[in-house]
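Input: a single structure, listed below in structure tokens.
The values are calculated or read from the model by the stated rules, or taken from the named source; none is laboratory data. The shown structure was predicted, so the numbers you read here are calculated from the model rather than taken from an experiment. Please note: Cβ atoms are built from the backbone with ideal geometry, for glycine as well, and neighbour counts cover all protein chains shown. Areas reflect the complete protein model, heavy atoms only, side chains present, ligands, DNA and RNA absent. Shrake-Rupley method; radii C 1.70, N 1.55, O 1.52, S 1.80 Å.
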Amino acid sequence: VSGGEAGALRLAELAERVDGRVEGDGGRRVRALRTLADAGPDDLAPLFAPAYREAARTSRAGALLVPREHASLTRGLEGRDLLVVDHPQHAVARILGVLHPPRAFAPGVHPTAVVGEGCSLAPGVHVGPYAVIGDGSRLAGGAVVEALAVVGRGCVVGEGARLHPHAVLYDGTVLGPRAEIHSGAVVGGDGFGYATRGGVHHKVPQVGRAVLGEDVEVGANSTIDRGALGDTVIGPGSKIDNLVQVGHNVTTGRGVLLCGQSGIAGSTTLGDHVVLGGQAGAGDHRRVGDRAQVAASSAVLTDVAADTKVAGTPAIDIRAWRRQTALLRRLETMSRRLKAVEKALAATETADDEEEEPR
Amino acid sequence: VSGGEAGALRLAELAERVDGRVEGDGGRRVRALRTLADAGPDDLAPLFAPAYREAARTSRAGALLVPREHASLTRGLEGRDLLVVDHPQHAVARILGVLHPPRAFAPGVHPTAVVGEGCSLAPGVHVGPYAVIGDGSRLAGGAVVEALAVVGRGCVVGEGARLHPHAVLYDGTVLGPRAEIHSGAVVGGDGFGYATRGGVHHKVPQVGRAVLGEDVEVGANSTIDRGALGDTVIGPGSKIDNLVQVGHNVTTGRGVLLCGQSGIAGSTTLGDHVVLGGQAGAGDHRRVGDRAQVAASSAVLTDVAADTKVAGTPAIDIRAWRRQTALLRRLETMSRRLKAVEKALAATETADDEEEEPR
Amino acid sequence: VSGGEAGALRLAELAERVDGRVEGDGGRRVRALRTLADAGPDDLAPLFAPAYREAARTSRAGALLVPREHASLTRGLEGRDLLVVDHPQHAVARILGVLHPPRAFAPGVHPTAVVGEGCSLAPGVHVGPYAVIGDGSRLAGGAVVEALAVVGRGCVVGEGARLHPHAVLYDGTVLGPRAEIHSGAVVGGDGFGYATRGGVHHKVPQVGRAVLGEDVEVGANSTIDRGALGDTVIGPGSKIDNLVQVGHNVTTGRGVLLCGQSGIAGSTTLGDHVVLGGQAGAGDHRRVGDRAQVAASSAVLTDVAADTKVAGTPAIDIRAWRRQTALLRRLETMSRRLKAVEKALAATETADDEEEEPR
């Protein structure tokens, strides 16, 4: 985790904090959660699937993290200390949060930081070296602006929100509480809008804002454009991977997931919990319904209904796309069969013609 | 607009400055152009299409921006003050330019900026905090290098050109007048060139330059590589969106549009006014003719003739691609029909065989 | 080359340093290698293919770089001084390395650089203005951290490794000797990992590292995520172009090439010398064998065997993909032929029916 220092806990304490229970020695101390291959005697290692049973046997891990129904997994591993949990993936997140707590930033503004006029910095904010904050911006309590990050003029950085080094907010951007912007991400940049006359592209000034809800995370080097007139809005709890492009006036619901290098063109609306796979794209002025999922490397060119999965370019129902893909692999055979049919038919017709002769 | 402060104008003044005319009270003061939903009594809101008539009825906008033939749009909206214009999109660009003028940067070099030896800074340039400018670079009048931007050694930044925070120019890069480089864009980085022998990739030093014409705009986090030997050249008035990749020795004509996440491999040439849609790609050493358009999510692998529209991977004529796409959706039916034909034919042949028997 | 100043050498000296030989005047001085079009009397220009013979005739180049078997190339160019080499591309790399040597950075730490506690900086390192280095990081001899670059806490920067301006290493990142990280690249950022319960995405802290081998080059604005538990590993001599995304726990072999805008999802393994073309993608938990090549704009969704070339989405054997692509262009014809066959068959059947009547 970015900056987290590993702590050390007794297994029983850890179990208590993640709603698990210990089988074996609750007094064993664990320092980190590591893979079976990497773990040593002070570490806990996950064992969730039978494929890893052999790795578990040879692992030096001091303790194993296992799901409730672990009998078939841990056969032959008797004697190991176990931390048993109900929801393995969720437990991993919580255990890592305990053992590798996020970096704590000392409150204060580094003397080299440039803070503009009329800014409001709540007590407890951290502003790192060479960070630059424009006039009239507000940083709520616990906000963190790391080294060399830029907050434009008139921005709002919510409580506990964090900008990693080199993150950039253009003027007027709003970050909700606990939003996290990774290095190199640019939020609130100009949308791609021009009025073209006589072959000359005249820039349409982009005067809306980018507004990110609470708990939104934006990956490294992603770009989220401000709105042209109204705002670009990213719903609470949405997570955006690296190198993702979000165009002007896009609106998303809650808990959206945008995987690496996916992109959304202007004015498109995503419902709650929509998922775009890696390198997927969505055209402009489209609507993608709640919980719809777009497969990786696909491109949405028409509206997508809620609760559907789509794939391909242009994206269609994923089952239809799978059948299409399978048929494409048989296209050569189909071509040959068609030729055979034509030949057979020609032969039949010739035969018919010949038959007619004797009459 | 990045930093623009809204002014306030009488409607008649505004009309005069954008070649429009007022119907109603020319003395009404407007502060901003906003969407029908967002606009208040001091705002002007656009009403260009019948779909927005209902929104216009309930809008609190003080005045409406309408096209010349607005009778059917404004029926029932009598009493509203109107600004009537000939070219709506163009008028929007001009009105926003008037009401939200681009940020004016005070001339001067911030005391923390690092300016190398032998640089030439024209009067009126602005260099922000922690900007770094390499030896021997020249900044023409009105050039703006914002906070934390980097200008390499021996660069030329044209009159009125602007680097947003965190933009980077590698050594020797040339920006034409009024070029605008958004945050995180990297211009003039090394091209991807290696001479491979015995499985080892030896770097081919990239010694050409990146040369951008006047009025070129480069979006956030885009990358434009320098040439390997000769130069990479972006024609005047070309507009490049976010996260776009332009390889070494690419040459483009005037007024090219490269949409978000599109990419062009090395030594490819684009003619004037070529458009690449979002996530589109062009292979290396290709030629794309004047005014050709490449659809989003498509990949150009062969040369493209002028004045054509192409789509698909590999990209073909867009009409052929549309027919192909439609046929693909019928592939399953075709497969079934082919099977039916084969069956019918087999039945016929069997029938023929049986027929022969009695003879 | 980023910062390289052209030297000047006698042709004979140059020949000696690149294992070539001179035909003509070995005493001629050359300053640079330029294209035939750009070269002047002090320059050497490459002439490798017959297509450039005419350009060579009109070139002002003082000397020509030619392959061993150059008789057909240089006919009519008698009197020009020639530098004759065995491996043209490799010679270009070496000649450029001699004539445009990489920029030499003066050892020393710029007074504005912020270096954390407990760092170890070997003699001879260069740290530029406003660079920020976190606590406990180690920079080996000759390492270069340019202006405004960020090295997180507990990082290791190998001997002669170089971070260009604005490059960012997250905490714990390891760079091998001579690794080169271009501007805006982010190495070691958090992977995209969440445990979702009740529609809420809980972040799974990413506690592994990003470990880059010797001679790895990472292009501008690319992103390489740290591992979730174990490490993300980039093999020695691998070269990564601009805007490339590498997900958490990806592992690559030696000498891998990842072209611009390609992306690899989490936990996928690439063998030695694998090539991903531009905008290509690889899904998560996949294996791509040694020397396999993925064509541009393709997406690997299943494992790929060693020594194969694949293309398409989903990627298949490139020869099968080419046939499929060719067949797709004939799909319309196939559709028509199928209809014709059905019609003919119907006619036959009707004829048969009619035939039966008279019996």
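Let's test this: bin the Cα-Cα distances of region B:261-353 at 10 Å from zero up to the farthest pair and state each bin's percent.
Going out from 0 Å in 10 Å bins, region B:261-353 shows 17, 36, 15, 12, 11, 7, 1 percent.
Could I have the simple spin-label model distance between C:D25 and C:R197, label points 7 Å from Cα toward Cβ, reported in nm to one decimal?
It is 8.2 nm.
Which one, A:Q279, B:I234, A:L9, projects farthest toward the positive side of the charge dipole computed for the protein assembly as shown from Cβ point charges (K/R +1, D/E -1)?
Value computed over the given set: A:L9.
Tell me the label-point distance for the pair B:D317, B:E78, using the 7 Å Cα-to-Cβ offset, in nm and rounded to one decimal.
5.4
Nearest 5 is fine: what % of DSSP beta bridges in chain C come out antiparallel, could you say?
Antiparallel: roughly 15 percent of the beta bridges in chain C.
Using r as the Cβ-Cβ distance of C:D135 and C:A306, and R0 as 60 Å, what FRET efficiency do you calculate, to the nearest 0.05?
Approximately 0.90, to the nearest 0.05.
For region A:241-305, state the semi-axes of the equivalent ellipsoid (square roots of 5 times the eigenvalues of the alpha-carbon gyration tensor), sorted largest first and rounded to whole angstrom.
Values for region A:241-305, descending: 14, 12, 11 Å.
Express in whole angstrom the spacing between the alpha-carbon centres of region B:213-268 and region A:48-66.
Going from one Cα centre to the other spans 51 Å.
Can you pull the mean other chain C-beta count within 10 Å for peptide C:104-117?
Mean shielding by partner chains, rounded to a whole number: 1.
Which residues, if any, in region C:219-249 have at least 40 Å² less accessible area in the whole protein complex than in the isolated chain, probe 1.4 Å?
The answer is C:N221, C:T223, C:L229, C:K239, C:D241, C:N242, C:L243, C:Q245 - residues whose exposure falls by at least 40 Å² when every protein chain is included.
Distances from C:A106 to the same residue in each other copy, label points 7 Å out along Cα→Cβ, in nm, shortest first?
Copy-to-copy label distances for C:A106: 3.2, 3.2 nm.
For B:G189, which sequence-distant residues (separation of 5 or more, or a different chain) have an amide H within less than 5 Å of its own amide H, given hydrogens modelled in the peptide plane?
HN-HN under 5 Å from B:G189: B:Y170, B:I224, B:R226.
For region A:66-155, which GluC sites (Glu not before Pro) pass both filters: DSSP loop (anything but H, G, I, E, B) and at most 14 other C-beta atoms within 10 Å?
Loop-located and lightly packed - A:E69, A:E78, A:E117.
What does the C-alpha gyration tensor say about the overall shape of region C:84-217? Classify as rounded when a/c is under 1.5, otherwise prolate if a/b is larger than b/c, or oblate.
Oblate.
For region B:57-215, what proportion of DSSP beta bridges, expressed in % and rounded to the nearest 5, is antiparallel?
Of all bridge pairs located within region B:57-215, approximately 10 percent are antiparallel.
Relative contact order of chain B: what whole-number percent is it, with Cα pairs under 8 angstrom and at least 6 residues apart?
6
Where the accessible area of region A:144-189 is counted over protein heavy atoms with a 1.4 Å probe, how much of it, in %, is carbon and sulfur?
Percent of accessible area from carbon and sulfur atoms in region A:144-189: 54.
Please say if chain B is rounded, prolate or oblate, where rounded means a/c under 1.5 for a ≥ b ≥ c the square roots of the C-alpha gyration tensor eigenvalues, and otherwise the choice is prolate for a/b larger than b/c and oblate otherwise?
Judged from the Cα gyration tensor, chain B comes out oblate (a/c at least 1.5, b/c at or above a/b).
Which of A:L276, A:L345, A:L169 moves the most in a Gaussian network model of chain A with Cα springs under 10 Å?
Maximum among the listed residues: A:L345.
Run the numbers on region B:265-292: which residues show a drop of 20 Å² or more in accessible area, chain on its own versus all protein chains together, using a 1.4 Å probe over heavy atoms?
Residues of region B:265-292 that lose at least 20 Å² of accessible area once the other chains are added: B:H273, B:Q279.
Positive end of the charge dipole of the protein assembly as shown (Lys, Arg +1 and Asp, Glu -1 on Cβ, about the Cα centre): tell me which of C:L301, A:G176, B:S298 has its Cα farthest that way.
Among C:L301, A:G176, B:S298, the one farthest towards the positive end of the dipole of the protein assembly as shown is A:G176.
What relative contact order, as a whole-number percentage, does region C:242-283 give when Cα pairs under 8 Å and 6 or more residues apart are counted?
Relative contact order here is 42 percent.
Nearest 100 Å², what total accessible surface is buried between chain B and chain C (probe 1.4 Å)?
Approximately 5100 Å², summed over both chains.
Summarise the accessible area of region A:27-75 (1.4 Å probe, protein heavy atoms) by the percent that is carbon and sulfur.
47
Take the alpha carbon atoms of region B:271-289, find their center, do the same for region B:80-132, and report the distance between the two centers in whole angstrom.
The two parts, judged by their Cα centres, are 30 Å apart.
Nearest 20 debye, what's the magnitude of the dipole of region B:171-247 about its Cα centre given +1 on Lys and Arg Cβ and -1 on Asp and Glu Cβ?
Value, rounded to 20: 340 debye.
What are the semi-axes of the equivalent ellipsoid of region B:1-103, taken as the square roots of 5 times the eigenvalues of the Cα gyration tensor, listed largest first and rounded to whole Å?
20, 14, 13
When the dipole is taken about the Cα centre of the protein assembly as shown, and only Lys, Arg (+1) and Asp, Glu (-1) are charged at their Cβ, what size is it in debye, to the nearest 20?
In debye, rounded to 20, the protein assembly as shown gives about 1620.
Treating the point 7 Å from Cα along Cα-beta-carbon as the label, what are the nm separations from B:D25 to the other copies, to one decimal?
Nearest first, the other copies' label points are 8.5, 8.5 nm away.
Can you give the FRET efficiency to the nearest 0.05 for A:E54 and A:A326, using r as the Cβ-Cβ distance and R₀ = 41 Å?
0.75
Given a cut-off of 24 Å, name the pairs among A:K339/C:K343; A:K239/A:K309; A:K343/C:K339 whose C-alpha atoms lie farther apart than that in the structure shown.
Too far apart for the 24 Å limit: no listed pair.
Under a Cβ-only charge scheme (Lys and Arg +1, Asp and Glu -1), can you give me the dipole magnitude of region A:271-359 about the Cα centre, in debye to the nearest 20?
800
Using a 7 Å offset from Cα along the direction of the beta-carbon, what are the separations from A:G199 to the same position in each other copy, nm, ascending?
List, nearest first: 5.3, 5.3 nm.
Running Debye on region C:61-138 with equal point scatterers at the Cα sites and no solvent, what base-10 log of I(q)/I(0) appears at q = 0.17, 0.20, 0.23, 0.24 Å⁻¹?
Log-scaled intensity ratios, in q order: -0.74, -0.90, -1.05, -1.09.
Would the protein assembly as shown count as rounded, prolate or oblate if I go by the C-alpha gyration tensor, calling it rounded below 1.5 in a/c and otherwise prolate when a/b exceeds b/c, oblate otherwise?
rounded
If you build the convex hull over the alpha carbons only and average its shadow over all orientations, what do you get for region B:169-279? Give it in nm² to one decimal.
6.5
For a quick check: with amide H placed at 1.01 Å from N, whose amide H comes under 5 Å from B:D43's, ignoring anything fewer than 5 positions away on the same chain?
Correct list: B:R31, B:G62, B:A63.
Read phi for every residue in region C:289-296 and hand back ³J(HN,Hα) as whole Hz from Karplus 6.51 cos²θ - 1.76 cosθ + 1.60, θ = phi - 60°, with x for Gly and Pro.
Running phi through 6.51 cos²θ - 1.76 cosθ + 1.60 with θ = phi - 60° gives x, 3, 6, 5, 10, 10, 5, 4 Hz.
Would you pull out the residues with amide H under 5 Å of B:V244's amide H, same chain only if 5 or more places away, H placed 1.01 Å from N?
Correct list: B:S222, B:T223, B:Q261.
Quick check for you: with a 1.4 Å probe and neighbouring chains kept, what is the accessible area per residue of chain B, in Å²?
39
Between B:S222, B:I316, B:G263, whose Cα lies farthest towards the positive end of the dipole of chain B when Lys and Arg beta carbons carry +1 and Asp and Glu beta carbons carry -1, centred on the Cα centre?
B:S222
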